[in-house]
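Student: My structure is below; once you've seen it, I'll send some questions.
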Amino acid sequence: MTPAPHAPTRTPLAAAGPSRPLTGRPRALLLEGVHPEAAALLHRAGFDVDDHRGALGEDALIAAIRGVQVLGIRSRTRVSRRVLHAAGDLQAVGAFCTGTDQIDLQAATERGVAVFNAPHANGRSVAELALAEVIALTRRLPERNAAAHAGVWDKSATGSHEVRGRCLGIVGYGAIGTQLSVLAEALGMDVVFHDLAERAPVGRARRCETLHELLVQADAVSLHVDGRPQNAGLIGEAQLAAMRPGSVLLNLSRGSVVDLAALRRHLTSGHLAGAAIDVFPDEPSAAGRPFTNPLRGLPNVLLTPHVGGSTQEAQREIAVSVANRLVSHARTTTTARAA
């Protein structure tokens, strides 16, 4: 299934008791290296802010969240039902990222905890990286780069193509998919897309009614779907086999979407020319931790550590957007976006 990307998440204040505007000097806990502008904005609004670079496991988070009114996280910290029901003072969670898959939204609603995210703030950054990877894979830059670093002069046009005139298939045609569509078309690519939601095509892009219809005609397939359960395993053995010989696959959406073992088989067999993967089923909890993955070591694969939206511009925009909404909620209990 291929639903639309996230809309801004605003959990209603539930029957567990409405939030009241915070008084005194409330506490905020920020995890995972949220851009410093968020802490600065919260400080200016009168919060005491604890700012940590790493994620926390469930037990550690329960201990750290005592007495905290506002929690800020990115994608690695899991805010489970157990965490939410143990957090007696918590009034709002800010997800300083696009999605909210890591938060139990039903439990947040039951507890009257508002949840805010920034679904569109890093769209340009993700789209630019996807386009760069399409070009790099189509020109076989990963292999050429590795060979040159190994002292091998591999000057050849074999397997190397321009992107102009080639077909890009975009799975998930929301905020990121449409931006990628515009950028790719500006380079002369033909664009097709598939999305279960009704989406108006941008420019000359054409809609595919089924995922299979897109896979059999695209020279590059870029995934931009969310992490809801029905998207798990969206690209598996059958879908990879349906892709055009010599095509490339990009996943900058969610780690559960692609069967990596099957992808490795199709890369090593030569059926696919390359892949670029930015998100993984199991990701280290902090920078510097060991990273294991079945695609490591393949010369035609670009592996990046979940940095699709990690530009200074995007991270600052996310920080300002989510922090402002947390401050507004703390003052007024409103969940509406400020004008």
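The values are calculated or read from the model by the stated rules, or taken from the named source; none is laboratory data. Everything quoted here is computed from the prediction, not taken from an experiment. When we count neighbours, we look across all protein chains shown, and the Cβ atoms used for this are built from the backbone with ideal geometry, even at glycine.
Student: Could you list, in sequence order, all residues of region 263-296 that are of a type in the set (D, E, K, R) and either surrounded by 15 or more Cβ atoms within 10 Å (Cβ to Cβ) or under 19 Å from G227 (Cα atoms) (or both)?
Tutor: R264, R265, D278, D282, E283, listed by residue number.
Student: Contact list please: Cβ distance under 6 Å, first residue in region 166-183 and in contact (Cβ under 8 Å) with a residue 60 or more places away in the chain, second residue small (G, A, S), pairs at least six apart or on different chains.
Tutor: Close Cβ pairs (under 6 Å, with a partner that is small (G, A, S)) amount to G174/A4; A175/G123; I176/G123; I176/A127.
Student: Same structure again: Out of all the residues in region 66-78, which are surrounded by 22 or more Cβ atoms within 10 Å (Cβ to Cβ), touching a Ser or Thr at 6+ places or on another chain (Cβ under 9 Å) and of a type outside the set (S, T, N, Q)?
Tutor: Within region 66-78, L71 is the sole residue that qualifies.
Student: Let me ask something additional. I'm checking my understanding of the structure. Among residues of region 116-136 that are surrounded by fewer than 22 Cβ atoms within 10 Å (Cβ to Cβ) and of a type in the set (A, V, I, L, M, F, W, C), which one is nearest to the chain's Cα centre (by Cα)?
Tutor: If we take residues in region 116-136 being surrounded by fewer than 22 Cβ atoms within 10 Å (Cβ to Cβ) and of a type in the set (A, V, I, L, M, F, W, C), then A132 is nearest to the chain's Cα centre (by Cα).
Student: Inside region 176-192, can you point out the residues that are under 13 Å from A130 (Cβ atoms) and not hydroxyl-bearing (S, T, Y)?
Tutor: I176, G177, Q179, L180, V182, L183, A184, L187, M189, V191
Student: Which condition breaks for P3 when tested against (1) of a type outside the set (F, W, Y); (2) modelled with pLDDT of 95 or more; (3) under 20 Å from D226 (Cα atoms)?
Tutor: Unmet for P3, out of (1) of a type outside the set (F, W, Y); (2) modelled with pLDDT of 95 or more; (3) under 20 Å from D226 (Cα atoms): (2).
Student: Given the options R53, R81, name the one that is within 16 Å of L30 (Cβ to Cβ) and among the charged types (D, E, K, R).
Tutor: Only one candidate passes the filter, namely R53.
Student: Only one of these conditions is not met by P299: (1) of a type outside the set (G, A, S); (2) surrounded by fewer than 16 Cβ atoms within 10 Å (Cβ to Cβ); (3) outside the structural domain of H161 (by TED's automatic domain parsing). Which number is it?
Tutor: So the condition that P299 fails would be (3).
Student: Looking at region 310-327, I want the residues that are outside any helix (DSSP H, G or I) and have a partner that is among the polar types (S, T, N, Q) with Cβ atoms under 6 Å, at least 6 apart or on another chain. Which pairs are those?
Tutor: Short answer, once both residue conditions are applied: T311/S125.
Every residue, every condition in (1) closer than 19 Å to V171 by Cβ; (2) out of contact with any Gly (no Cβ under 7 Å at 6 or more places or on another chain), yes or no:
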| residue | (1), (2) |
| --- | --- |
| L234 | yes, yes |
| G255 | yes, yes |
| D278 | yes, no |
| A286 | no, no |
| F291 | no, yes |
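Student: Sort out which residues of region 217-241 are of a type in the set (A, V, I, L, M, F, W, C) and either touching a Pro at 6+ places or on another chain (Cβ under 8 Å) or surrounded by 14 or more Cβ atoms within 10 Å (Cβ to Cβ) (or both), and write them in order of number.
Tutor: A218, A220, V221, L223, V225, A232, L234, I235, L240
Student: For a quick check of your reading of the model, give me the residue pairs whose first member lies in region 247-261 and is touching a residue at least 12 places away in the same chain (Cβ under 8 Å), whose second is hydroxyl-bearing (S, T, Y) and assigned to a helix (DSSP H, G or I), with beta-carbon atoms closer than 7 Å and at least 6 apart or on different chains.
Tutor: V248/T138
Student: Taking interchain pairs and intrachain pairs at least six residues apart, which have beta carbon atoms under 6 angstrom, with the first residue in region 118-139 and assigned to a loop (DSSP other than H, G, I, E, B) and the second charged (D, E, K, R)?
Tutor: Every condition considered, the pairs that remain are A121/E317.
Student: Name the one entry in A63, A108 that is surrounded by fewer than 20 Cβ atoms within 10 Å (Cβ to Cβ), modelled with pLDDT of 95 or more and assigned to a helix (DSSP H, G or I).
Tutor: Just one listed residue meets the conditions, A63.
Student: Then there is this: Scanning region 35-80 for residues that are aliphatic (A, V, I, L, M) and touching an Asp or Glu at 6+ places or on another chain (Cβ under 7 Å), which turns out farthest from Q91 (Cα to Cα)?
Tutor: A55
Student: Turning to a different aspect of this structure: In the list G159, G112, which residue meets the criterion of being in the same structural domain as E37 (by TED's automatic domain parsing) and on the phi > 0 side of the Ramachandran plot?
Tutor: When all the criteria are applied, what remains is G112.
Student: In region 166-181, is there at least one residue being more than 17 Å from G274 (Cβ to Cβ), of a type in the set (S, T, Y), outside any loop (DSSP other than H, G, I, E, B) and assigned by TED's automatic domain parsing to the domain that holds G233?
Tutor: The answer is yes, given that some residue of region 166-181 is more than 17 Å from G274 (Cβ to Cβ), of a type in the set (S, T, Y), outside any loop (DSSP other than H, G, I, E, B) and assigned by TED's automatic domain parsing to the domain that holds G233.
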